[in-house]
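A short worksheet on the structure shown next.
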Amino acid sequence: MNTQESLRERLEHMLRGADAQLVSQQAARQERMTPIQARMKRFDSLARSWIEEIILPDLQTLAQLFPNSTPPVDFGRAHRASVTFARNDEFPAHARADVSITHDPNLVNARVVFSPTIIPILMNYQPESSVEIGLDEPDTARLRTFIEDGVAQFVSDYLRVRDPDSRYQQDNLVTDPVCGMRFRRMDAAASVEREGTTYFFCVTECRDRFLLDPEGYSGRATVRP
């Protein structure tokens, strides 16, 4: 056997050994992946059922309470759902309630996160919160309570946006020229247009008094051109 034939046999033996090692490694990986794939399938199934049966219905209930909300959005395989709230005169802030579901590296627990957002941030409100639910024996009652509490806390914080004393309402406040009361423009009981200016009144009686002496009251109001 010449030198080149000897080298070829040596290299072929090395290649056969490497191929056998690859096959062995692939088989070992497949053996490890089989239970992982089963656990991932279970996680996906549980997360989907939680989204459809608990999270989306609760977000739908939340959205129905506010005309400026959008219907809840289901992000499908991302295991996430959210509802958004448009800025308007009553609620001069953009807001969102977001719920997402992830899992730990070993697929033992699911982590459900409730993330509220109110922008601009002009007050302190409940930050992101989370709960861990075991995948082998999931405590759906605990999950349901967590989501309901998160929604209730979000509503409590969001309602503060429209409070007359809130920093969000500073641009919406007007002053009744008769009694001097400060209130939100959208809460006015009456208004009067005079010489290109709108005057707002907390009650109709103040409007009636204003109409009796508009010159005397005109300089005492926060008005809207």
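The values are calculated or read from the model by the stated rules, or taken from the named source; none is laboratory data. Just so it is clear, the structure is predicted and the values come from calculations on it, not from any experiment. Don't worry about glycine lacking a Cβ; one is built from the backbone with ideal geometry, like all the others, and counts go over all protein chains shown.
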Any pair with Cβ under 7 angstrom, 6 or more apart, that starts in region 181-199 at a residue that is more than 18 Å from ARG209 (Cα to Cα) and ends at one that is among the acidic types (Asp, Glu) and modelled with pLDDT of 90 or more: MET186/GLU90
Check on ILE118, in contact with a helix residue (DSSP H, G or I) (Cβ under 8 Å, 6 or more places away or on another chain), modelled with pLDDT of 95 or more, more than 19 Å from ALA86 (Cα to Cα) and in the same structural domain as HIS79 (by TED's automatic domain parsing): no
The lone exception for THR198 - which of (1) over 30 Å from ASN106 (Cα atoms); (2) among the β-branched types (Val, Ile, Thr); (3) loosely packed, with under 13 Cβ neighbours inside 10 Å it fails: (3)
Condition met for ARG184 (among the charged types (D, E, K, R) and more than 27 Å from THR117 (Cβ to Cβ)): no
Some residue of region 112-120 being of a type outside the set (D, E, K, R), over 19 Å from SER69 (Cα atoms) and more than 14 Å from the chain's Cα centre (by Cα): no
Subset of region 55-89 (residues that are under 14 Å from VAL155 (Cα atoms), part of a helix (DSSP H, G or I) and hydrophobic (A, V, I, L, M, F, W, C)): LEU59, LEU62, ALA63
Selection count where residues are buried (at least 16 other Cβ atoms within 10 Å of the Cβ), within 17 Å of the chain's Cα centre (by Cα) and closer than 16 Å to THR102 by Cα, scope region 121-142: 1
Filter pass, PRO92 being in contact (Cβ under 8 Å) with a residue 60 or more places away in the chain, out of contact with any Lys or Arg (no Cβ under 6 Å at 6 or more places or on another chain) and part of a loop (DSSP other than H, G, I, E, B): yes
Those residues of region 50-82 which are within 17 Å of HIS94 (Cβ to Cβ) and among the β-branched types (Val, Ile, Thr), in sequence order: THR70, VAL73
Any hit, region 112-123, residues being in contact with a strand residue (DSSP E or B) (Cβ under 6 Å, 6 or more places away or on another chain), part of a loop (DSSP other than H, G, I, E, B), over 29 Å from SER45 (Cβ atoms) and in contact (Cβ under 8 Å) with a residue 40 or more places away in the chain: no
Counted residues, region 41-89 - those being under 23 Å from ASP163 (Cβ atoms), surrounded by 17 or more Cβ atoms within 10 Å (Cβ to Cβ) and among the small types (Gly, Ala, Ser): 2
Top-ranked residue of region 97-111 - restricted to ones that are outside any loop (DSSP other than H, G, I, E, B) and of a type in the set (D, E, K, R), ranked as farthest from PHE43 (Cα to Cα): ASP98
Yes/no for GLN37 being assigned to a helix (DSSP H, G or I), modelled with pLDDT under 95 and not aliphatic (A, V, I, L, M): yes
